[in-house]
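The block underneath contains the structure these notes are about, expressed in structure tokens.
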Amino acid sequence: MAKLNISDLDVKGKKVLVRVDFNVPIKNGVIGDDNRIVAALPTINYILDNGGSAILLSHLGRIKSDEDKKELSLKPVAARLGELLKKDVEFVPENEGSAVETAVKNLKPGEVVVLENTRFQDIDNDFGKRESKNDPKLGEYWAGLGDIFVNDAFGTAHRSHASNVGIATAMKAAGKPVASGFLIEKEIKFLGDAVSNPVHPFVTILGGAKVSDKIGVINNLIPKSDHILIGGGMAYTFLAAKGHKIGKSLFEEDKLELAKQLLAEAGDKLVLPVDSVAATEFSNDASHEVVGEDIPDNEMGLDIGPKSVELFKSILKDAKTVVWNGPMGCFEMPNYAEGTLEVGRTLADLTDATTIIGGGDSTAAAKQLGIAPKISHISTGGGASLEYLEGKELPGVACISDK
Ligand code: AMP
């Protein structure tokens, strides 16, 4: 069933509590990349433009000690949000207690307040990790601050925390609405359609270091995809399962049997590289060459080779839905980046297909190429998008009310 969205609700005069994803890279108080703040703007603007006020909650980083709190305050994020919204944004350096309650009480329509990092609750008290262990009292407290709860943080939707599931549970118990924001709505639409209702041919491209990280996705998408293209370090365990020599390439011995089973189950659907760029050392400067399906004993495969690129392109050219997660090689090193960049360029050229990219490395490659505007959807949640593609129900999505 479709989920309730903020646009279904009348926010006029309402205090809207929004769980946003402001988990941005930050160093010495300087924000490295404000994409996630920008991605939250449509929901925040909708509330303000329609006569509501917004109380924003987010986590930032992982807090293990008091020392971490200095670097992981949301204060600079609130300042950046003010610049983007072109209005004053109040920051409360707490997320519980009288300062919060006063700020919320004084909040007028059109105004925004950002509360301090929700994960400060994980070390600040004697009760353990109140936020990430979903202490119901904390969820109840936050829920009491607003008339409506909107979850717009897809990046943490695979976690059951006080600031998403906890608040939603308490809001529903109090008879108040729980809706998605525009960002989560977009994520559900693109990832959900790809998983449950893809336009065919549907091609999944998986890469990255480990088979183990992607097993759930492969299992779920074998029956749904027309082709699954495998690159990156994970390809070598599959090549070994087919009896090829893989030299010093990445190899997960404990996944060999599983790789054999997946190959048997998927048949021709699973497409492996037919050549690799192989190097003598894990270094950009190491001597390297293009080799076929067998890798010499003293070499390791660090990228898919040109014939594999052509093979993948020939399959992708007819695709109508493409999901890509994980690099085709060690793309951080220029000599082994071409396979990943070529896959990115190919996706950008598919004007008649829905293209979806998830995962930090593939997203970084898309940005490096400047192709992001040509991709239908770049997911903001690494772990969350993988779990969605595995077919799992995400707690942060499940907790949103149905329409
Ligand atoms: P993941 O976090 O599983 O998506 O893996 C991403 C990492 O896998 C990147 O840092 C890549 O450098 C690395 N990687 C990709 N292909 C290979 C390969 N053939 N050998 C070793 N590492 C690889």
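Computed quantities for the displayed model
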read-out: Helices (runs of 4 or more DSSP H) contained entirely in the stretch 292-387, each with at least 1 residues that are surrounded by fewer than 17 Cβ atoms within 10 Å (Cβ to Cβ) and within 12 Å of the ligand (Cβ to nearest atom); value: 360-369
read-out: Boolean, Leu17 is open to solvent by less than 60 Å² (accessible area, probe 1.4 Å) and in contact (Cβ under 8 Å) with a residue 60 or more places away in the chain; value: yes
read-out: Contacts under 7 angstrom Cβ, first residue in the stretch 330-354 being over 15 Å from Val203 (Cβ atoms), partner acidic (Asp, Glu) and within 12 Å of the ligand (Cβ to nearest atom), 6 or more apart; value: Cys330/Asp303; Phe331/Asp361; Tyr336/Asp303; Glu338/Asp303; Gly339/Asp303
read-out: Those residues of the stretch 1-13 which are touching a helix residue (DSSP H, G or I) at 6+ places or on another chain (Cβ under 8 Å) and either open to solvent by 70 Å² or more (accessible area, probe 1.4 Å) or over 21 Å from Gly396 (Cα atoms) (or both), in sequence order; value: Val11
read-out: Which listed residue, of Thr237, Thr204, is touching a Phe, Trp or Tyr at 6+ places or on another chain (Cβ under 7 Å) and either among the hydroxyl-bearing types (Ser, Thr, Tyr) or within 11 Å of the ligand (Cβ to nearest atom) (or both); value: Thr237
read-out: Qualifying position, being among the polar types (S, T, N, Q) and open to solvent by less than 70 Å² (accessible area, probe 1.4 Å), among Ser73, Ser98; value: Ser73
read-out: Restricting the stretch 185-201 to residues that are of a type in the set (A, V, I, L, M) and open to solvent by 30 Å² or more (accessible area, probe 1.4 Å), the residue that is farthest from the ligand (Cβ to nearest atom); value: Val199
read-out: Some residue of the stretch 161-179 being assigned to a strand (DSSP E or B) and either crowded, with 24+ Cβ neighbours inside 10 Å or more than 16 Å from the ligand (Cβ to nearest atom) (or both); value: yes
read-out: Test result for Gly396, away from the ligand (no atom under 14 Å from the Cβ), open to solvent by less than 20 Å² (accessible area, probe 1.4 Å) and at pLDDT 95 or above; value: yes
read-out: Close pairs (8 angstrom Cβ cut-off, 6 or more residues apart or separate chains): surrounded by fewer than 14 Cβ atoms within 10 Å (Cβ to Cβ) in the stretch 20-45, in a strand (DSSP E or B) anywhere; value: Pro25/Ile31; Gly32/Ile26
read-out: Single residue of the stretch 133-160 satisfying the filter (acidic (Asp, Glu) and more than 20 Å from Thr102 (Cβ to Cβ)) that is surrounded by the fewest Cβ atoms within 10 Å (Cβ to Cβ); value: Asp135
read-out: Filter pass, Lys129 being open to solvent by 70 Å² or more (accessible area, probe 1.4 Å) and in a loop (DSSP other than H, G, I, E, B); value: yes
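Okay, residues lined up against (1) open to solvent by 30 Å² or more (accessible area, probe 1.4 Å); (2) in contact with a helix residue (DSSP H, G or I) (Cβ under 7 Å, 6 or more places away or on another chain); (3) assigned to a strand (DSSP E or B); (4) closer than 16 Å to Met333 by Cβ:
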site	(1), (2), (3), (4)
Val203	no, yes, yes, no
Ala209	yes, no, no, yes
Asp213	yes, no, no, no
Val217	no, yes, no, no
Ser225	no, yes, no, no
Gly233	no, no, no, yes
Leu250	yes, yes, no, yes
Gln261	yes, no, no, no
Asn284	yes, yes, no, yes
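The values are calculated or read from the model by the stated rules, or taken from the named source; none is laboratory data. The shown structure was predicted, so the numbers you read here are calculated from the model rather than taken from an experiment. Ideal geometry is used to build each Cβ from the backbone, glycine not excepted, and the neighbour counts take in all protein chains shown. We work out accessible area using only protein heavy atoms, side chains counted, and drop any ligands, DNA or RNA first. Shrake-Rupley method; radii C 1.70, N 1.55, O 1.52, S 1.80 Å.
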